[in-house]
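Below is one structure; the comments refer to it alone.
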Amino acid sequence: MRIPTVTLNDGTPFAELGLGTYNLRGPEGVASIVSAIQSGYRLLDTAVNYENEREVGEAVRQSAVPRDELFLVTKIPGRHHGYDLAIESTNGSLAALGVDRIDLSLIHWPNPSRDLYLYTWRSMIDLRAVGKIGSIGVSNFTEQMLTRLIDETGVVPAVNQVELHPYFPQAALRAFHAEHGIRTESWSPLARRSELLTEQVIHELSAIHGVTPTQVVLRWHIELGSTPIPKSGDPDRQRENADVFGFELTADEVAAISALERGRLWNGDPNTHEEM
Ligand code: NAP
């Protein structure tokens, strides 16, 4: 299965769908990630705080796919904010992954009460200049925080990875991203399964298009222009999740899914929720 790419604001090709790896750990986790790569996944999303960068690196080596064809995303945690700590964090991620370049590094959470993310960002700009990081972006940033980064450094993040699913479509933030050339990435794109997959509108569209409810939801992300990173440890579900490029949803169908909006599911407001 070939997953199409789009081009980031720095010219880098970026997959329209990737694999979330939260909770994929140990030998079983490695086997799951290898199976995803063999099914066609190229973008692998990890983080220092998932404690599985070693597993992701091991899966890359075990897969028969050349390193250059894979795209590794990791994230700098709250406790590593600040110029020097972000460098140390990146060196730690490079060692854990066993690679000499991270394809995309993200600030995991802004943690505004500590007010250090600007220093972290400056560090990432310099790490990109020396080739340790290919592209730089953020996660869980609000419009105000993005504006501050851009105004202070002139460097627009390539990506903002945020909570995004039919219960929380993030229309205003997506419009801001589009205006500034920032690629949206959807975390928890399936709303962690929850009752989303049993919603009537999802089932109706699944019948109309002859696809599964999960495929309807993932196609909705593609139609919005956001890269979803569904996590599955199961090879069959991984294949199902990646197989969403053979059908399309109409604008009305996209709107009907977006009408499920009810807000954030896990109180992760970046103005108040902080993670170390
Ligand atoms: P998710 O991808 O929305 O949902 C994962 C859950 O759905 C798992 O329980 C998985 O179980 C199940 N599932 C997957 N495919 C399925 C299918 N086809 N049919 C039925 N069930 C299916 O949630 P997530 O793991 O929270 O989010 C995805 C990724 O986003 C994470 O892994 C992580 O990489 C990233 N993330 C980032 C942040 C951030 O702050 N930046 C926060 C949260 C998550 P099985 O494994 O058993 O299939």
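The helix-based estimate of mean residue ellipticity at 222 nm for the chain, built from -39,500 (n - 2.57) per DSSP H run of four or more residues and divided by its residue count, is -12000 deg cm²/dmol to the nearest 500. Dipole size of the chain about its Cα centre, with +1 on Lys/Arg Cβ and -1 on Asp/Glu Cβ: approximately 460 debye, rounded to the nearest 20. Compared with the alpha-carbon gap, the fully stretched path from residue 65 to residue 272 is longer by 70.4 nm at 0.36 nm per residue. Around the amide H of residue 232, modelled in the peptide plane, lie the amide H atoms of 20, all under 5 Å away and 5 or more residues distant in sequence or on another chain.
The spacing between the range 99-150 and the range 4-53, judged by their C-alpha centroids, is 19 Å.
Could you work out the local net charge near residue 55, counting Lys and Arg as +1, Asp and Glu as -1, over the other residues with Cβ closer than 14 Å to its Cβ? For residues surrounding residue 55, the net value is -1.
Most simply put, the chain has about 15% antiparallel DSSP beta bridges, counting only bridges with both residues inside it. Less than 5 angstrom separates the built amide H of residue 187 from those of 162, 163, 164, all sequence-distant by 5 or more or on a different chain. Across 68, 45, 115, mean-square fluctuation computed from a Gaussian network of the chain (C-alpha pairs under 10 Å connected) peaks at 68.
By the count of other C-beta atoms within 10 Å, a proxy for reagent exposure, 273, 221 are ordered fewest to most as 273, 221.
Just so you know, all these numbers are worked out from the coordinates, no wet-lab data involved. It should be emphasised that the depicted structure is a prediction, and the values quoted were computed from it without experimental measurement. Note that we place each Cβ from the backbone using ideal geometry, even for glycine, and neighbour counts take in every protein chain shown.
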